[in-house]
Structures are given as C-alpha cells and as structure tokens.
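J.: Input: one structure, supplied below.
The values are calculated or read from the model by the stated rules, or taken from the named source; none is laboratory data. None of these values were measured; they are calculated from a predicted model. Cβ: placed from backbone, ideal geometry, glycine included. Neighbour counts: every protein chain shown. For accessibility, only protein heavy atoms count, side chains too; no ligands or nucleic acids. Shrake-Rupley method; radii C 1.70, N 1.55, O 1.52, S 1.80 Å.
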Amino acid sequence: MILFLACPLDSHLAACQLIRDEAQEIRSEAYTAIDKADVIREQAYRAKDEAFEMKEDALGARLALEQTLVDSLVLMRSSLTTVTTKLDQLNSALERSAEDIEDRIDEKTQEISDKLSKLDSLLVRKRESGELIPADRVEQSSTHPSTAYYGPENAVDGNVGTQTHTLSDGQPQWFKYFFSQEEQVGQIKIINGKISGPNIHRLNGLKVAVMASGTHKQTCQPERLVIREGENILSQTYYISCNGNRGIGVEFLLPSGTYLEFREIEVYAS
C-alpha cells in the first residue's frame with residue numbers, strides 16, 4: 001500500500017514535509033515488517049522441509065520436495081497484490097503444505113515400519129536358527145513380594161504375559177539359567193520385563209556371561225546391554241552373542257542393584 005501526500009505552497013510547507021517524511025518512514029517500516037514476515041514463513045517452510053527429510057530414504061525425493069516448495073512459494077508471491085491478501089493466501093498455502101507434508105511423512109513412516117518389520121522377521125529367523133537349549137532349572141537373586149508371582153520360572157514359560165521381578169536393595173541382582181549338561185552357547189534372546197513406560201531402562205548395563213563352572217565365566221557381547229527406545233515387544237527384544245562359549249549355564253547380572261525383570265529368556269546352541 002503506497003501513500004501520497006501533496007504539500008501546499010504556503011507557510012505550512014515545513015510541517016507538511018515533516019508529515020511526508022514520517023509517512024515515508026512508516027511505509028518503509030511496513031515493507032520491513034513484510035520482509036520479516038517472509039523470513040518467518042521461509043523459516044517455517046525450512047522447518048517443515050527438515051522434518052520431511054528425516055523420513056525420506058532417498059536424496060532424489062528430498063530434492064523433489066524442496067523444488068516443489070520453492071515453486072509454490074514463487075507462485076504465491078507473484079500472485080499477491082496487497083499485504084492483506086498476501087497474508088491470507090500465504091496462510092492458506094502453509095496449511096495445505098503442512099497437510100501434504102504430514103500425509104507424505106505418514107506414508108514414508110508406514111513404508112519404513114513395514115520394511116523394518118520384514119527385516120526384523122528375517123533377523124529373528126536367522127538368529128533363532130540354532131537349537132533351543134532348555135533350562136534344567138532357573139534361579140534369581142531375590143523375588144519381589146507381590147500379589148502376582150514374579151518367580152524365575154516366568155522367564156522360561158513361553159508366555160510373554162508373565163515376567164520375573166527381583167528386589168531393588170542396592171545389591172547386584174542376578175538371574176541364572178542352568179543346562180542339564182555342558183552346552184556350546186550361540187545366541188541368547190531376551191525380552192525386557194518392561195515393554196512400555198519409564199521403567200524400560202532398568203535393564204541398562206545388564207551383563208551376560210556363560211558359566212564355564214561355578215566360578216569361571218566367559219563374557220558375551222555386548223558386554224553391557226543398552227536399552228533402546230520403543231514401547232512394544234519387538235523393540236524390547238534383544239539378542240546377545242556368546243560366540244560358541246561352552247558352559248553349564250548362563251548368568252545375567254545387573255550391577256546397578258535395581259529391579260531385574262525379564263518376560264522371556266531363550267538360549268540357543270551355537
């Protein structure tokens with residue numbers, strides 16, 4: 001919007017000139033405000049673009065989106081005639097772009113989720129290809145006194161609806177899985193006792209070792225378990241490699257002394 005002010009040729013010329021200068025300054029500030037609004041909108045587009053890039057699995061798709069956004073912005077800016085209509089049209093475009101980005105992110109998220117599920121299924125089949133070594137007996141350092149039963153047998157009953165649960169008395173907590181005879185251990189499958197909520201991290205730092213004898217132990221890998229995010233059975237399933245170490249059983253040790261909880265433990269021969 002451009003303002004014009006004609007000044008009379010009389011004694012009020014100085015005052016009129018002052019008003020014209022102030023009007024010019026106001027107009028400049030208005031253009032500056034418009035430029036700032038453009039910058040803010042550009043930043044909003046950039047933030048939405050970055051969110052989408054995180055979900056893209058190919059550089060070509062990301063570049064195509066960036067080009068689409070740039071083209072849309074050029075088209076919108078060229079069609080605006082006033083500050084009011086420019087703001088209205090740009091807000092509408094932002095809403096449409098946000099919906100489009102959200103839809104595409106949802107699509108990509110679903111595609112990635114499907115691929116991960118297939119990959120996890122393949123990994124599970126590969127990791128569990130060895131023969132299951134049944135537990136001759138199981139023991140744990142303590143059992144939480146609760147109306148529900150949290151004994152060590154719950155970790156080997158084949159039911160993910162039950163779990164073990166020790167005390168948290170400041171002392172290292174342990175769980176021992178004994179074989180009927182000496183075995184060569186390959187992979188160990190662990191399902192976290194907590195699969196949702198803030199307590200899924202209780203297993204952080206878990207150490208697993210094959211018990212070669214009553215005192216001698218051979219450490220499995222990783223040396224200390226790191227709990228990842230994800231509140232479901234698949235995300236809270238972990239695999240430990242014992243590299244074919246031989247022994248009479250497996251020990252699971254939590255040095256932190258907090259609650260030690262498992263839903264299931266499966267030990268496979270090498």
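J.: Pick out the one residue from ILE265, ILE233, ILE188, ILE248 that is open to solvent by 50 Å² or more (accessible area, probe 1.4 Å) and assigned to a strand (DSSP E or B). Show your work before the answer.
T.: Numbers: ILE265 fails: open to solvent by 50 Å² or more (accessible area, probe 1.4 Å); ILE233 fails: assigned to a strand (DSSP E or B); ILE188 fails: open to solvent by 50 Å² or more (accessible area, probe 1.4 Å).
Among ILE265, ILE233, ILE188, ILE248, only ILE248 is open to solvent by 50 Å² or more (accessible area, probe 1.4 Å) and assigned to a strand (DSSP E or B).
J.: Can you tell me which residues in the range 164-178 are within 25 Å of ALA269 (Cβ to Cβ) and crowded, with 20+ Cβ neighbours inside 10 Å?
T.: Scanning the range 164-178 gives THR164, PHE175, TYR177.
J.: Residues of the range 195-216 being surrounded by fewer than 19 Cβ atoms within 10 Å (Cβ to Cβ) and part of a helix (DSSP H, G or I), which ones?
T.: The answer is PRO198, ASN199, HIS201.
J.: With the structure loaded, tell me whether ALA135 is under 17 Å from LEU253 (Cα atoms), modelled with pLDDT of 95 or more and among the aliphatic types (A, V, I, L, M) or whether it fails that test. Please lay out each step first, then the result.
T.: On the way: under 17 Å from LEU253 (Cα atoms): no; modelled with pLDDT of 95 or more: yes; among the aliphatic types (A, V, I, L, M): yes.
Spelling it out, it is not the case that ALA135 is under 17 Å from LEU253 (Cα atoms), modelled with pLDDT of 95 or more and among the aliphatic types (A, V, I, L, M).
J.: Let me ask something additional. Kindly list, by first and then second residue, each pair from a residue in the range 202-214 that is among the β-branched types (Val, Ile, Thr) to a residue that is surrounded by fewer than 20 Cβ atoms within 10 Å (Cβ to Cβ), limited to pairs with Cβ atoms under 6 Å and residues at least 6 apart or on different chains.
T.: So the pair list comes out as VAL210/GLN218.
J.: While we're looking at this one, here's another question. Conditions: (1) at pLDDT 75 or above; (2) closer than 28 Å to ARG27 by Cα. SER79 meets all but one. Number of the miss?
T.: Every listed condition holds for SER79 apart from (1).
J.: Which of the following residues is among the β-branched types (Val, Ile, Thr), under 22 Å from ASP157 (Cβ atoms) and at pLDDT below 95: ILE195, ILE191?
T.: From the options ILE195, ILE191, the qualifying one is ILE195.
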